[in-house]
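First up is the structure itself, then whatever we jot down about it.
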Amino acid sequence: MAAIPKILVFDSGLGGLTVYREIVSARPNARYVYVADDAFFPYSAHGEAALVERIVTLMATLLATHAPDLVVIACNTASTLVLPDLRARFSVPFVGIVPAIKPACAASVSKRVSVLGTEATIAREYTRALIRDFGNGAEVTLVGSARLAGYAEAELNGAPVADAAIAAEIAPCFIDRAGRRTDTIVLACTHYPLLLHRLQRLAPWPVTWHDPAPAIARRVVELIGPPEPGKPAMTQFMFTSGAIPSPVLAAALLQFGIKQ
Ligand code: DGL
């Protein structure tokens, strides 16, 4: 592994920033390339075959261009589908993010857990298998949101989204039946932690929102090795459309420590 490793963080859009910030804080002494595949956003709107083809083809170009030591697929919609193809095709290590159903179901006291993801992630056989294998006796409600990832993008781009619109997307997660309420919600889309404060405020009752990003960061450190003293992270940010971040987005990226 290179002395200062290069890590490529990949998502359909800006959601992967919630994973990126955890990785950077766990492994500051690295070079980062953040790629937002905005030209194909949202991934949940594409069929499985088209999405596999898109990501494998794009990854071949990105690996040839950037030669990273490790790639983080910071997107549940992609990871629940394309990781086997990526690992079969390329030799660089891939770390993916998939719904944190196992730890959420283990931690739930009421044994009522909801999984909030894109409609595509919720429909995936991979997600269903996680519930069968790791449901741990919990009653799991799957909630596919058509709009929440777009709302998170809008907010980061300075276009405010009304409380009522967000509340409507999360409402099906909250089940109060037979004396047991949902106490844990899995954030199964990397965009959703961008809205965490809104989700907490708009929740009908307090729940634990389960974000697996810190666990992904720990996995990256396991594979890349702990930081040595040295320069802080350097990050290149790019959209696959070639768009340049607007001033509002550039200011938001600065909050994540991304200057270019
Ligand atoms: N950030 C992506 C995820 O974690 C979803 C957004 C999309 O549909 O492109 O699932």
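How high is the relative contact order of the stretch 94-216, given as a whole-number percent (alpha carbon pairs under 8 Å, six or more residues apart)?
35 percent
So which aspartates and glutamates can Lys6 reach, going by Cα to Cα under 20 Å and dropping same-chain residues fewer than 8 places off?
Of all the aspartates and glutamates, those that pass the test against Lys6 - Cα under 20 Å, at least 8 places apart if same chain - are Glu22, Asp37, Asp69, Glu222, Glu228.
Taking the DSSP beta bridges in the stretch 97-198 as the whole, what percent of them are antiparallel, to the nearest 5? Kindly include the intermediate steps, with their values, before the conclusion.
Values: 2 of 14 bridges.
So the antiparallel bridges in the stretch 97-198 amount to around 15 percent.
Given a Förster radius of 22 Å and the C-beta distance between Leu58 and Tyr126 as r, what FRET efficiency does 1/(1 + (r/R0)^6) yield to the nearest 0.05? Display every interim value, and only then the final one.
Numbers: r = 21 Å, r/R0 = 0.94.
Here the calculated transfer efficiency is 0.60.
Let me understand the chain better: what is its radius of gyration from the alpha carbons, and its Dmax, in angstrom?
18.0, 57
Enumerate the amide H contacts of Tyr34 below 5 Å, restricted to partners 5 or more residues apart or on another chain; note that Pro and chain-start residues carry no placed amide H.
Val9, Gln236, Phe237, Met238
Can you find, among Val56, Phe40, Val140, the residue farthest towards the positive end of the dipole of the stretch 1-152? Put +1 on the C-beta of Lys and Arg, -1 on that of Asp and Glu.
Of the listed residues, the answer is Val140.
Between Ala171 and Ala39, what is the FRET efficiency for a Förster distance of 30 Å, r being their Cβ-Cβ separation, to the nearest 0.05?
Values: r = 32 Å, r/R0 = 1.07.
Computed FRET efficiency for Ala171 and Ala39 comes out at 0.40.
Mind running the shape call on the stretch 119-251? Use the C-alpha gyration tensor, a ≥ b ≥ c as the square roots of the eigenvalues: rounded below 1.5 for a/c, prolate if a/b tops b/c, oblate otherwise. Kindly include the intermediate steps, with their values, before the conclusion.
Details: a/c = 2.03, a/b = 1.30, b/c = 1.56.
Oblate shape, in that a/c is at least 1.5 and b/c is the bigger or equal ratio.
Could you work out the equivalent-ellipsoid semi-axes for the stretch 24-149, taking the square root of 5 times each eigenvalue of the Cα gyration tensor, largest first, in whole Å?
Details: eigenvalues 158, 63, 36 Å².
Output for the stretch 24-149: semi-axes of 28, 18, 13 Å.
Could you tell me the relative contact order of the chain? Use alpha-carbon pairs under 8 Å, at least six residues apart, and round to a whole percent.
Working: 475 pairs, mean separation 71.9, N = 260.
The normalised contact order for the chain reaches 28 percent.
Search the structure for amide H atoms under 5 Å from the amide H of Cys75, placed 1.01 Å from N in the peptide plane, and list their residues when 5 or more places away or on another chain.
Amide H neighbours of Cys75: Ile97.
Only Cα pairs within less than 10 Å get springs; with that Gaussian network setup on the chain, which residue of His197, His66, His46 has the largest fluctuation?
His197
Residue-wise, which Karplus ³J(HN,Hα) couplings in Hz belong to the stretch 36-52, taking 6.51 cos²θ - 1.76 cosθ + 1.60, θ = phi - 60°, and x for glycine or proline?
9, 7, 5, 5, 10, 6, x, 4, 5, 8, 9, x, 4, 5, 5, 6, 4
For the chain, what is the percent of antiparallel DSSP beta bridges, rounded to the nearest 5? Write down the numbers at each step before the final one.
Numbers: 2 of 36 bridges.
Roughly 5 percent of the DSSP beta bridges within the chain come out antiparallel.
Could you work out the local net charge near Ser44, counting Lys and Arg as +1, Asp and Glu as -1, over the other residues with Cβ closer than 15 Å to its Cβ?
Details: positive: Arg54, Arg124, Arg147; negative: Asp11, Asp37, Asp38, Glu48, Glu119, Glu153, Glu169.
Computed value for this residue: -4.
Estimate the FRET efficiency between Ala3 and Gln255 by the formula 1/(1 + (r/R0)^6), using the beta-carbon distance for r and 22 Å for R0, to the nearest 0.05. Mind showing how you got there, number by number?
On the way: r = 29 Å, r/R0 = 1.31.
Step by step, r from the Cβ atoms, then E = 0.15.
Taking the chain as a Gaussian network, where each spring joins two C-alpha atoms under 10 Å apart, which residue of Ala30, Ala159, Ala213 fluctuates the most?
Ala159
Along the positive direction of the dipole of the chain (beta-carbon charges: Lys, Arg +1; Asp, Glu -1; about the Cα centre), which of Ser91, Pro226, Ala152 reaches farthest?
Value computed over the given set: Pro226.
Treating the angle as unsigned and between 0 and 90°, give the value, to the nearest 10°, between the Cα long axis of helix 213-224 and the longest Cα principal axis of the chain.
With both axes taken from Cα atoms, the answer is about 30 degrees.
Students often forget the sequence filter, so: which lysines lie under 16 Å Cα-Cα from Lys102 once same-chain residues fewer than 8 apart are removed?
Result set, ordered by chain and number: Lys111.
Could you identify which residue out of Phe90, Phe40, Phe237 has the top mean-square fluctuation in a GNM of the chain using Cα springs shorter than 10 Å?
Of Phe90, Phe40, Phe237, the most mobile in the Gaussian network model is Phe90.
What net charge is computed for the residues neighbouring Ala26, neighbours being all others with C-beta under 12 Å from the C-beta of Ala26, Lys and Arg scored +1, Asp and Glu -1?
Working: positive: Arg21, Arg27, Arg218, Arg219; negative: Glu22, Glu222.
Residues near Ala26 contribute +2 overall.
Amide H of Val186: which non-local residues (sequence gap of 5 or more, or other chain) have their own amide H closer than 5 Å, using H built in the peptide plane?
When sequence neighbours closer than 5 places are left aside, the close amide H contacts are Ser114, Val115, Leu116, His210.
If we count every other residue with Cβ under 14 angstrom of Arg147's Cβ, Lys/Arg +1 and Asp/Glu -1, where does the sum land? Working shown, then result.
On the way: positive: Arg198; negative: Glu119, Glu153, Glu155, Asp163, Glu169.
Net charge around Arg147: -4.
Any read-out appearing in this document is the output of simple, stated calculations on the displayed coordinates, not a laboratory observation. Just so we're clear, the structure is a prediction, and the values are computed from it rather than from any experiment. FYI the Cβ positions are ideal-geometry reconstructions off the backbone, even for glycines, and counts take in every protein chain you see.
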